[in-house]
Amino acid sequence: MFDAIGTMIETNKGHLSELDGVIGDADHGVTMDIGFSAVREALAALDASASDPTTVFNTAAKSFLNAVGASSGPLYATAFMRAGAAVKGKASLDRDAMVDAVAAMAKGIQDRGKATRGEKTMVDAWLPGAEAAEAARDAGRPLNACLAAAAAAAEEGAEATKAMMATKGRASRLGERAIGHMDPGAASAALMLKTIAETFAG
Ligand code: ADP
Ligand code: MG
């Protein structure tokens, strides 16, 4: 999953920095690419057969935090730490554990950044994504359907940030001038959930 996210970020690096260039400081793609390159390197050094999901998430958290100086550093580090805590003791991830992990990531980002929905941040993609995954699980849908629902809701959420004014992060300095432009963090979050869904589609 982290390998797939790393490849996806690499592919979308330019696009994400372009989005950040409009309402921020033009580094979001670079930032995320540095972070996930570090994650991939750290995970490649793990003994896969001896590592449980919690170890994988915690290793990702640590390496992302160490590599990334931008605001997304602590946000995703917290997300991965919380995901690791949510699946503690499990040798593998089934539907319920994976939906719990996604929900824990969304909650971690919210707790760390103190943004609520509608403030034009990655929360506007993560929160509807997590809620859609949980709703699909409550409806008895299988894992791939839960994650597909999360990806679709996150994409819708990222689209919706275009109409928002930012009240958190760099874009908040722009006031009404940020309206009409998608939040880069929400865009990368939607892509991440899409990649997670694709990873588990089989
Ligand atoms: P920086 O803003 O430090 O340059 P990045 O460009 O990597 O960091 O990330 C910017 C993204 O971080 C924004 O588009 C927004 O989605 C997200 N972000 C910023 N502040 C917060 C916050 N307090 N809570 C949640 N997300 C935030
Ligand atoms: Mg930036």
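The values are calculated or read from the model by the stated rules, or taken from the named source; none is laboratory data. Bear in mind that the values here come from a model prediction, so they are computed numbers and not experimental data. Cβ atoms come from the backbone with ideal geometry, glycine included; neighbour counts cover every protein chain shown. Note: accessible area is taken over every heavy atom of the protein model, side chains too, but ligands, DNA and RNA are not part of it. Shrake-Rupley method; radii C 1.70, N 1.55, O 1.52, S 1.80 Å.
Are any of the residues in the range 172-190 away from ligand 2 (no atom under 16 Å from the Cβ), aliphatic (A, V, I, L, M), buried (at least 16 other Cβ atoms within 10 Å of the Cβ) and more than 24 Å from Asp94 (Cβ to Cβ)? Yes, some residue in the range 172-190 is away from ligand 2 (no atom under 16 Å from the Cβ), aliphatic (A, V, I, L, M), buried (at least 16 other Cβ atoms within 10 Å of the Cβ) and more than 24 Å from Asp94 (Cβ to Cβ). Please tell me if Ala154 is of a type outside the set (Val, Ile, Thr), touching a Pro at 6+ places or on another chain (Cβ under 9 Å), assigned to a helix (DSSP H, G or I) and crowded, with 22+ Cβ neighbours inside 10 Å. Here the answer is yes, as Ala154 does meet what is asked. Close Cβ contacts (under 8 Å, 6 or more residues apart or on different chains) running from residues in the range 107-131 that are over 15 Å from Ser72 (Cα atoms) and in a helix (DSSP H, G or I) to residues that are more than 9 Å from ligand 1 (Cβ to nearest atom) and open to solvent by 30 Å² or more (accessible area, probe 1.4 Å) comprise Leu127/Arg117; Pro128/Arg117; Pro128/Glu156; Ala130/Lys107.
Could you go through the range 119-131 and let me know if any residue there is open to solvent by less than 10 Å² (accessible area, probe 1.4 Å) and charged (D, E, K, R). Yes.
For the range 57-86, filtered to residues that are in a helix (DSSP H, G or I) and polar (S, T, N, Q), the residue that is nearest to Asp20 (Cα to Cα) is Ser72. What residue, among those in the range 59-71 that are modelled with pLDDT of 95 or more and open to solvent by less than 50 Å² (accessible area, probe 1.4 Å), is nearest to ligand 1 (Cβ to nearest atom)? Only one residue tops the list, namely Val68. Scanning the range 18-40 for residues that are open to solvent by 20 Å² or more (accessible area, probe 1.4 Å) and either free of Cβ contacts under 8 Å to residues at least 24 places away in the same chain or away from ligand 1 (no atom under 11 Å from the Cβ) (or both) yields Glu18, Gly21, Ala26, Val30, Ser37, Ala38, Arg40.
With respect to the conditions (1) under 13 Å from the mean Cα position of the chain (by Cα); (2) farther than 21 Å from Ala115 by Cα, Thr59 lacks only one, and its number is (1).
If a residue has to be open to solvent by 20 Å² or more (accessible area, probe 1.4 Å) and either closer than 28 Å to Val99 by Cα or in contact with a strand residue (DSSP E or B) (Cβ under 8 Å, 6 or more places away or on another chain) (or both) to count, how many in the range 157-171 make the cut? Quick ask: steps written out before the conclusion?
If we filter the range 157-171 for residues that are open to solvent by 20 Å² or more (accessible area, probe 1.4 Å), which is where we start, we get 159-160, 162-165, 167-170.
If we keep only those that are either closer than 28 Å to Val99 by Cα or in contact with a strand residue (DSSP E or B) (Cβ under 8 Å, 6 or more places away or on another chain) (or both) too, we end up with 159-160, 162, 164, 168-169.
The total comes to 6.
Being open to solvent by 20 Å² or more (accessible area, probe 1.4 Å), away from ligand 1 (no atom under 12 Å from the Cβ) and modelled with pLDDT under 95 holds for only one residue in Ala48, Ala86, Ala139, and it is Ala48.
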